[in-house]
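Structure record follows, encoded as structure tokens.
The values are calculated or read from the model by the stated rules, or taken from the named source; none is laboratory data. Here the structure is a predicted model, which means the values were calculated and not measured. Counting neighbours? That spans all protein chains shown, and the Cβs are built from the backbone with ideal geometry, glycine included. The area values use the complete protein model at the heavy-atom level, side chains included, leaving out ligands, DNA and RNA. Shrake-Rupley method; radii C 1.70, N 1.55, O 1.52, S 1.80 Å.
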Amino acid sequence: GPIAVPRGSFYQVNTEVADMLMDHVASVLKSCGAGAVIDLYSGVGMFGLLAARNGIARVQGVESDRHAVQAAQYNAAQLGCADIATFTAGDALRVLPGIANACPSGATAVILDPPRGGLDARMRRALLAFGPRTIIYISCAADMLARDLPAFIEGGYRLAGVRLFDMFPRTAHFETVA
């Protein structure tokens, strides 16, 4: 269904391709068997709410844009997921440890959809220290994804798949899900 997006907040404008991206993320979530999801850089809650609606028992989103968090909370209520999907305004690096302490790492999937600059080295280390069962990394900047992925491989993760979504045909802009 439709979701609220505040003016000035990020959302994919190519909704047809965004729907395909969402379907792919939903299939990855189903196959990984996670019982909880931490949605970092969650925006208006698109991926976290997708997880909640696909049977994930507990979803915690983190986003620095307070207006986007308010929209995510509203969207969770509208979709009947507010009891299992909660969203926190704050810096992902600062908020992650508290959330991670409440989630068993072996049953948790982390969805990352960071800004164009990718992940801070401290965030890569924090994620490796937490050790979630699955990491789903969604990137609009292939160069940053290529920079960030080796840290996870060296930390013991296996790259199970990569898929591109052509958001703006005939341009260099695409989304990658790894």
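For region 93-178, with only Lys/Arg (+1) and Asp/Glu (-1) charged at the beta-carbon, what is the dipole magnitude about the Cα centre, in debye rounded to 20?
Numbers: 10 positive and 7 negative charges, 33 e Å.
The dipole of region 93-178 has a size of about 160 debye.
With both labels modelled 7 Å from their Cα along Cα-to-Cβ, the Ala82 to Ser105 distance reads 3.4 nm. In this structure Asp65 has an accessible area near 50 Å², from a 1.4 Å probe over the protein heavy atoms.
Taking only alpha carbon atoms, region 83-168 gives an Rg to Rh ratio of 0.95, where Rh is the Kirkwood radius.
Here Arg58 sits with roughly 110 square angstrom of accessible surface, probe radius 1.4 Å. Entry note, the chain: the mean residue ellipticity at 222 nm calculated from DSSP H runs of n ≥ 4, each adding -39500 (n - 2.57), is -13000 deg cm²/dmol after division by the residues and rounding to the nearest 500. Distance distribution note for the chain: the fraction of Cα pairs above 27 angstrom is 18%. Taking θ as phi - 60° and the Karplus parameters 6.51, -1.76 and 1.60, the scalar couplings of region 27-36 work out to 5, 5, 4, 4, 6, 7, x, 6, x, 9 Hz in sequence order, x denoting glycine and proline. The residue list Tyr74, Val44, Ala89 was ranked by how far each Cα lies along the charge dipole of the chain toward its positive end, using unit charges on Cβ atoms, and Ala89 comes out on top.
Each pair of Cα atoms in region 12-53 enters the Kirkwood radius, and Stokes-Einstein at 4 °C and 1.567 mPa s then converts it into a translational diffusion coefficient of 119 µm²/s. Phi angles across region 21-26 convert, under the Karplus curve 6.51 cos²θ - 1.76 cosθ + 1.60 with θ = phi - 60°, into 3J(HN,Hα) values of 4, 5, 4, 5, 4, 4 Hz, Gly and Pro given as x. Ligands, DNA and RNA aside, Leu159 has an accessible area near 80 Å² when probed at 1.4 Å.
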